[in-house]
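First up is the structure itself, then whatever we jot down about it.
The values are calculated or read from the model by the stated rules, or taken from the named source; none is laboratory data. Predicted, not measured: the structure shown is a model, and the values here were computed from it. When we count neighbours, we look across all protein chains shown, and the Cβ atoms used for this are built from the backbone with ideal geometry, even at glycine.
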Amino acid sequence: MPGAASSLKPNERAAPDASAPVGIFDSGLGGLSVLRAVRATLPHERLIYVADSRYAPYGERDDDFIVDRAMAIGEWLVGQGAKALVVACNTATAQSIALVRERLTIPLVGVEPGVKPAATVSKSRVVGVLATAVTLRSARFQSLLDRYAGDCRFICQAGHGLVQAVERCDTSSPALMALLESYLAPMLDAGADTLVLGCTHYPFLDRAIRDIAGERLQIVDTSVAIARQLDRLLDAHALKNLVTPPDTLPRFHSTADGESQRQLAAALLRLDAKVEHVDIPSRRTRLAEPDIV
């Protein structure tokens, strides 16, 4: 009411309504696997997706850079009216989720490797984990192993080069297959019967993994679990949209040119959608780029 003191914190805005969009972001295109699961689970939700492809992969960045980008993109999505945020990147979740959750004013869902379900389903008690180097070295991941490993042996492999392959829409080239086989062979030789995909890019390599391992590996992909958690979170905050919106296609944005994102969305999600370029500056990227006068 006029003249009343605001109860909002600095940079906070009025609570969004149920028709507001859900924001999803990843370092690049991997979060499209999460978007696919969210669309299947929550078909009435409007979605905004941001691929930070200009700075991908996060798995080769330092921790401060990852936190810096996650905060900048999260704040940009809040500014776009997002009612909830999905950090659809294992690396960004591992390094930044606590700070982002503390600073943003909307509900948040992060991603973490499916160590717990893998430990539950593995019969051989040997489990392979493919993830980025940053995820594997994070305290969050080590805590997962400590909590759920039990009598399981986890063989952890950094998937160097796999994110870059997916970013260029390569999911089956001879070079990609050879690289993937070099990562999977030690797991199979050790008797692994379960594989955790610890990066949201990796579900797009499902067919390639099947071509190499056949049915010897049960694949744990957490994208469906993320969508279900988002469903629960929207319910808990009375933010679930129950009416089909007129704009059912997600809004796609990229900090790069977006062409690979458009191609991957068309090929793997059967979505023919425009990708808009967006500049989302942050402290670290401003420092890294020279001033233009």
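Assorted remarks:
- Residues of the stretch 104-150 satisfying the condition of being part of a helix (DSSP H, G or I) and hydroxyl-bearing (Ser, Thr, Tyr): Thr120, Thr135, Ser143, Tyr148
- Scope the stretch 51-60; condition buried (at least 21 other Cβ atoms within 10 Å of the Cβ) and among the charged types (D, E, K, R); matching residues: Asp52
- Among the residues of the stretch 73-103, those that are crowded, with 21+ Cβ neighbours inside 10 Å and either assigned to a loop (DSSP other than H, G, I, E, B) or among the acidic types (Asp, Glu) (or both) comprise Ala82, Lys83, Ala88, Cys89.
- When residues of the stretch 1-27 are limited to those that are in a loop (DSSP other than H, G, I, E, B) and modelled with pLDDT of 90 or more, the one surrounded by the most Cβ atoms within 10 Å (Cβ to Cβ): Ser27
- Scanning the stretch 123-145 for residues that are in contact with a helix residue (DSSP H, G or I) (Cβ under 8 Å, 6 or more places away or on another chain) and within 10 Å of Gly59 (Cβ to Cβ) yields a count of 5.
- Failed condition for Thr91, given (1) under 22 Å from Thr285 (Cβ atoms); (2) modelled with pLDDT of 95 or more; (3) β-branched (Val, Ile, Thr): (2)
- The condition (being basic (Lys, Arg) and either touching a Leu at 6+ places or on another chain (Cβ under 9 Å) or at positive phi (or both)) is satisfied by just one residue among Arg168, Arg137, Arg147, Arg210: Arg210.
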